[in-house]
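The values are calculated or read from the model by the stated rules, or taken from the named source; none is laboratory data. Everything quoted here is computed from the prediction, not taken from an experiment. Note: ideal-geometry Cβ built from the backbone for every residue, glycine included; neighbour counts use all protein chains shown. Areas reflect the complete protein model, heavy atoms only, side chains present, ligands, DNA and RNA absent. Shrake-Rupley method; radii C 1.70, N 1.55, O 1.52, S 1.80 Å.
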Amino acid sequence: MEYRINRRTGDRISEIGIGSSYMYEAGMEEAVKALRRAVDGGINYFDLAAGDGATFPIYGEALHDVRDRIFFQIHFGADYTKGTYGWSLDLDIIKRSVDRQLKELRTDHIDYGFIHCQDEVSDWETYLRNGVYDYILSLQKSGVVKHIGLSSHTPSVIQRILDDAEVDMLMFSVNPAYDYGQGEFANGSVDERSEVYRRCEKEGIGISVMKPFSGGQLLDAGQSPFGKALSQYQCIRYCLDKPGVLTVLPGAHSVKEVESLLAYYDQPEEATDYSVIGTFAPPQAAGKCVYCNHCKPCPMGIDIGLVNKYYDLAKAGDTMAIEHYRTLEKNASDCIQCGHCDSRCPFSVRQSERMQLIREYMDAAASGTAD
Ligand code: SF4
Ligand code: SF4
């Protein structure tokens with residue numbers, strides 16, 4: 001397992017976590033084994049926006065004795081007072097639901113208390129008016145909630161809430177389909193979605209990824225909006241390459257499924273290469289670097305994806321990205337304009353030209369004259 005640090009909280013979070021939508025379907029025995037296998041494999045991050053209230057006693061049974069080694073995302077607005085999942089903006093219902101979850105999880109604290117599923121600005125206004133956000137803050141003050149999270153599928157709403165609230169972790173629906181305008185939660189344009197990634201990276205807000213396989217659709221050629229299946233490993237790497245992303249949270253019901261996720265780290269480079277999505281990209285995505293590194297090897301040893309990621313972040317105002325760029329062993333100044341990357345890029349990025357732009361920008365940044 002590899003880990004990433006949430007810069008706001010200092011938490012060391014596993015790159016692969018577990019989403020819990022359908023966990024309860026496995027039943028107590030198998031689900032407990034699956035969760036124990038996840039922890040044994042180094043997974044330490046678990047989302048609890050579950051499809052059914054039966055999920056919480058499973059987690060309580062499986063993980064109460066390792067609670068100090070793991071992180072829970074708990075959602076203020078996911079209502080389990082009637083057993084199955086419901087969405088609510090009502091403060092009393094939310095209080096009762098959270099109390100019940102804590103009891104069944106056998107814990108007294110919440111690592112990330114989430115402002116849950118806000119897809120309209122009016123949801124957020126109601127949330128504030130009803131006192132739900134203040135309730136999370138009061139629990140944070142008393143030490144029950146450690147950090148605050150936000151879950152949403154909608155870039156414009158995310159931007160508004162990040163302006164209003166101190167958020168340490170964003171749960172966002174990320175996959176190539178949504179980024180390319182395909183599927184149920186493909187909200188926002190390519191550029192609006194990129195702005196969310198870059199803002200999170202710049203401000204140190206971690207992203208935990210929901211729906212990395214688009215509910216399984218991307219893994220099945222018959223259901224994929226692209227008409228071609230991707231593997232779960234391609235999707236995981238795609239998400240982990242996005243700025244700001246700390247952890248990817250696929251659902252898993254069984255030991256076998258958990259082991260299959262853990263096998264991500266055993267895959268050869270070509271099994272995680274997702275550059276095939278270049279053939280699905282809409283016109284507005286063409287020419288935009290997605291940091292996939294399919295254009296490697298560069299004869300000068302430049303990590304082309306990373307150089308581009310730092311450049312995009314620096315342009316978005318992230319001064320740390322400029323510092324990171326400067327520490328690279330090879331950067332855009334080493335480019336000899338050979339054009340190999342231009343011919344290899346599936347996204348029609350004219351990378352050799354871009355390297356010149358990057359060099360000029362970073363040189364100007366060093367002398368304090370960059371825009
Ligand atoms: S230039 Fe193209 S192939 Fe290279 S990292 Fe960017 S998107 Fe990927
Ligand atoms: S054009 Fe520059 S970045 Fe691209 S492969 Fe050649 S040396 Fe590397």
Study note, to complete from the structure: Per GNM of the chain with C-alpha springs under 10 angstrom, the most fluctuating residue out of Lys141, Lys288, Lys95 is Lys141
Review point. Residue farthest toward the positive end of the dipole of the chain, with Cβ of Lys/Arg at +1 and Asp/Glu at -1: which of Tyr233, Thr126, Val145?
Key: Tyr233
Check your understanding: Check Ile18: other-chain or 5+ apart residues with amide H under 5 Å from its amide H, H built from backbone geometry?
Key -> Tyr45, Phe46, Asp47
Review point. Tally Lys and Arg at +1 and Asp and Glu at -1 over the other residues with C-beta under 15 Å from the C-beta of Lys330: what net charge comes out?
Key: +1
Check your understanding: What aspartates and glutamates sit close enough to Lys296 to cross-link, taking a C-alpha to C-alpha distance under 18 Å and skipping anything fewer than 8 places away on the same chain?
Key -> Asp241, Glu269, Glu270, Asp273, Glu329, Asp334, Asp342, Glu353
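Under a Cβ-Cβ cut-off of 13 Å, what is the net charge of the residues other than Glu184 that fall near it, where Lys and Arg count +1 and Asp and Glu count -1? Before the final figure, lay out the partial values.
Values: positive: Lys211; negative: Asp119.
That works out to 0.
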Review point. When the chain is modelled as a GNM with alpha-carbon springs shorter than 10 Å, which of Leu105, Leu357, Leu89 fluctuates the most?
Key: Leu357
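So which GluC sites (Glu not before Pro) in segment 266-346 pass both tests, a DSSP loop state and at most 11 other Cβ atoms within 10 Å of the Cβ? Walk me through the intermediate numbers first.
Values: sites: Glu269, Glu270, Glu323, Glu329; in loops: Glu329.
Of the GluC sites (Glu not before Pro), the ones in loops of segment 266-346 whose Cβ has at most 11 other Cβ atoms within 10 Å are Glu329.
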Study note, to complete from the structure: Of all GluC sites (Glu not before Pro) in segment 111-186, the ones in DSSP coil with at most 14 other Cβ atoms within 10 Å are Glu120, Glu166, Glu184
Study note, to complete from the structure: The simple spin-label model distance between Asp52 and Arg350, using points 7 Å out along Cα→Cβ, in nm, is 5.7
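Among the listed pairs Lys33/Lys211; Lys288/Lys330; Lys146/Lys330, give every one whose C-alpha distance is greater than 32 Å. Spell out each step's value before the answer.
Details: Lys33/Lys211 23 Å; Lys288/Lys330 22 Å; Lys146/Lys330 40 Å.
Over 32 Å Cα-Cα: Lys146/Lys330.
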Study note, to complete from the structure: Here, Asp90 and Asp220, labelled 7 Å along Cα→Cβ, have an inter-label distance in nm of 3.5
Study note, to complete from the structure: So the angle from the long Cα axis of helix 155-164 to the longest Cα principal axis of the chain, reported in degrees to the nearest 10, equals 70
Review point. Relative to the present Cα-Cα distance, how much length would full extension add between Cys338 and Met320 at 0.36 nm per residue of separation?
Key: 3.5 nm
Revision key, fill the gap. The chain, Gaussian network, Cα under 10 Å: of Asp40, Asp312, Asp11, the residue fluctuating most is Asp40
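Would you kindly state how much longer the chain becomes between Arg36 and Ala364 on full extension, computed as 0.36 nm times their sequence separation minus their alpha carbon distance, in nm to one decimal? Please list the in-between numbers first.
On the way: separation 328, 0.36 × 328 = 118.08 nm, distance 5.14 nm.
That pair, Arg36 and Ala364, stretches by 112.9 nm at full extension.
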Review point. Nearest 10 degrees, 0 to 90: what angle lies between the long axis of helix 232-241 and the longest principal axis of the chain (Cα atoms)?
Key: 70
Revision key, fill the gap. Computed over segment 224-345, the convex hull of the Cα set has an average projected area, in nm², of 9.4
Exercise for review: Whenever you get a sec, compute what percent of the accessible area on the chain sits on carbon and sulfur atoms (1.4 Å probe).
Suggested key: 47
Practice item. Skip the ligands, DNA and RNA, and give the accessible area per residue of segment 75-148 with a 1.4 Å probe, whole Å². Key: 46
Review point. Counting other Cβ atoms within 10 Å of each Cβ, which trypsin sites (Lys or Arg not before Pro) in segment 173-273 have at most 15 and sit in a DSSP loop?
Key: Lys228
Study note, to complete from the structure: Here the equivalent ellipsoid of the chain, derived from its Cα gyration tensor, has semi-axes (largest first, whole Å) of 36, 23, 19
Study note, to complete from the structure: Two pseudo-spin positions, 7 Å from Cα along C-beta at Asp266 and at Lys288, lie apart in nanometres by 3.6
